[in-house]
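The values are calculated or read from the model by the stated rules, or taken from the named source; none is laboratory data. What you are looking at is a predicted structure, and each value in this text was computed from that prediction instead of being measured. Glycine gets a Cβ as well: all are built from the backbone with ideal geometry, and neighbour counts include every protein chain shown. Each accessible area value is taken on the protein alone, full model and side chains, heavy atoms only, with ligands, DNA and RNA left out. Shrake-Rupley method; radii C 1.70, N 1.55, O 1.52, S 1.80 Å.
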Amino acid sequence: MDLNALLHAFTPSLTSVAMLLAFFTYLAIAGSILPGRIVPGVTLSDSTRLHYRCNGLLLLILLVSLLGIGGWMDLVSPTAIADRGLELLSTTLIFSLFVTLLLYMAGCRSRSQSSSFKPHFTGNLIHDWWFGIQLNPQFMGIDLKFYFVRAGMMGWLLINLSVLAKCIQETDLSRSMILYQIFCVLYILDYFFYEEYMTSTWDIIAERLGFMLVFGDLVWIPFTFSIQGWWLLKNEVELTTAAVIANCLVFLIGYLVFRGANKQKHDFKKNPKALIWGRPPKVVGGKLLASGYWGIARHSNYLGDLLLALSFSLPCGISSPVPYFYPIYLFILLIWRERRDEARCAQKYKKIWAEYTKLVPWRILPYVY
Ligand code: NDP
């Protein structure tokens, strides 16, 4: 592709703007009116709690069904997203820049002292715009942090499905494409099935909403996590049956560790006496879970996620590093994140945390790290 063609591919068109706006509007309206469990978030430092309507799974199923019907009736093209991948990428990037500038200005004007809306300034414009000013900014009653992460995860699935449609239209459906698509569908459906677990994750409870998070949710997740699918559109891979089985095992083990660890922590936070693997939990200082996956390593959930990420790339074989972008990025991110979380927990739990780290010395991978 020459430079002119590349520039053209990246230039946002009215169609891509309309597609993005339609998607965001659907999420805002359907997210506010469709039924869903109302889940209280963690208690904030001013003793208030946000409440989240966890109807993401219903929203996603309805959206995919509507698009499916639209495709069947020739009203929308199933390959519309895959045909405009780069255009949609730049449109979403511009949207993220625009939204975070608005968030910065709204944050600067806030006089609220509540935990959610209190402005946090360092005086460094770039820093404040990047990390955000407010913890839980809202727009028309919608919690934007929860909304954006939902948009990113759904966007990832929509891109994948469109790439799948393009693959069916233009080439033969390979084992690799089928495996990649199945793993991602299961992961994303599982994410929305357990959407309420998101309400206690680090992003939601600790990060302010700035460019880092908005870009991560809207651009990074959907457009880079789908690289394997785009790559498989252009490259052929012959997978042996043994490779397929091994790949499924990596996915399964990753899933069990990832979901199991996150579920144990979530259940423990709700009921500190909840049984872990059929036994009463071992608890440090009345606050930290030290049994189950949390007794093996202090972030086993990260290990599970890394195995899952690897399983999404293995269908592409080992001829190129490009499809391994996601696991490599996730590895770097989670190592960094674990360090930041460790510092936060050490500060929050003080002696209890020190006791926990003595009891459970491994950070992510037992006997290695
Ligand atoms: P965690 O869900 O691991 O949450 C960390 C928090 O849990 C700590 O700050 C602390 O919060 C609490 N905690 C830590 N240890 C214990 C313990 N032993 N007992 C009780 N509470 C404890 O972290 P994340 O939010 O970072 O990750 C959530 C999931 O999201 C992970 O599975 C991760 O892999 C995934 N993720 C995926 C990404 C991707 O790009 N695919 C990016 C980032 C995360 P508190 O103060 O509430 O006690």
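I need the full set of residues from the stretch 211-264 which are more than 16 Å from the ligand (Cβ to nearest atom) and either within 30 Å of Cys108 (Cβ to Cβ) or touching a strand residue (DSSP E or B) at 6+ places or on another chain (Cβ under 9 Å) (or both), in order please.
The one that is more than 16 Å from the ligand (Cβ to nearest atom) and either within 30 Å of Cys108 (Cβ to Cβ) or touching a strand residue (DSSP E or B) at 6+ places or on another chain (Cβ under 9 Å) (or both): Phe211.
Note down all Cβ pairs under 9 Å where the first residue falls in the stretch 350-369 and is closer than 15 Å to Tyr293 by Cβ, the second is among the basic types (Lys, Arg) and in a helix (DSSP H, G or I), and they're at least six residues apart or on different chains.
Arg363/Arg339
Take the residues in the stretch 157-190 that are polar (S, T, N, Q) and in a helix (DSSP H, G or I), then tell me which one is most open to solvent (accessible area, probe 1.4 Å).
Gln169
Identify the single condition in (1) in a helix (DSSP H, G or I); (2) within 12 Å of the ligand (Cβ to nearest atom) that Gly286 does not satisfy, given that it satisfies every other one.
Single failed check for Gly286: (1).
Every residue, every condition in (1) of a type in the set (Val, Ile, Thr); (2) modelled with pLDDT under 95, yes or no:
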site	(1), (2)
Val76	yes, yes
Gly85	no, yes
Thr92	yes, no
Arg111	no, yes
Lys118	no, yes
Phe121	no, yes
Leu125	no, yes
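Select, from Ser319, Ser311, the only residue that is assigned to a loop (DSSP other than H, G, I, E, B), closer than 29 Å to Pro222 by Cβ and either under 25 Å from the mean Cα position of the chain (by Cα) or of a type outside the set (A, V, I, L, M, F, W, C) (or both).
Values: Ser311 fails: assigned to a loop (DSSP other than H, G, I, E, B).
Exactly one residue qualifies, and that residue is Ser319.
Quick one: how many residues across the stretch 117-131 are buried (at least 17 other Cβ atoms within 10 Å of the Cβ) and part of a helix (DSSP H, G or I)?
Number satisfying all stated conditions: 3.
More than 15 Å from the ligand (Cβ to nearest atom) and either in contact with a Gly (Cβ under 7 Å, 6 or more places away or on another chain) or closer than 27 Å to Lys145 by Cα (or both), is that true of Leu158?
Numbers: more than 15 Å from the ligand (Cβ to nearest atom): yes; either in contact with a Gly (Cβ under 7 Å, 6 or more places away or on another chain) or closer than 27 Å to Lys145 by Cα (or both): yes.
Considered against the rule, which asks whether it is more than 15 Å from the ligand (Cβ to nearest atom) and either in contact with a Gly (Cβ under 7 Å, 6 or more places away or on another chain) or closer than 27 Å to Lys145 by Cα (or both), Leu158 comes out as yes.
Taking the criterion of being over 29 Å from Leu249 (Cβ atoms) and out of contact with any Gly (no Cβ under 8 Å at 6 or more places or on another chain), would at least one residue in the stretch 170-187 satisfy it?
Yes, the conditions are met somewhere in the stretch 170-187.
Of the residues that sit in the stretch 305-341 and are exposed (fewer than 13 other Cβ atoms within 10 Å of the Cβ) and more than 22 Å from Trp294 (Cα to Cα), which one is farthest from the ligand (Cβ to nearest atom)?
Ser319
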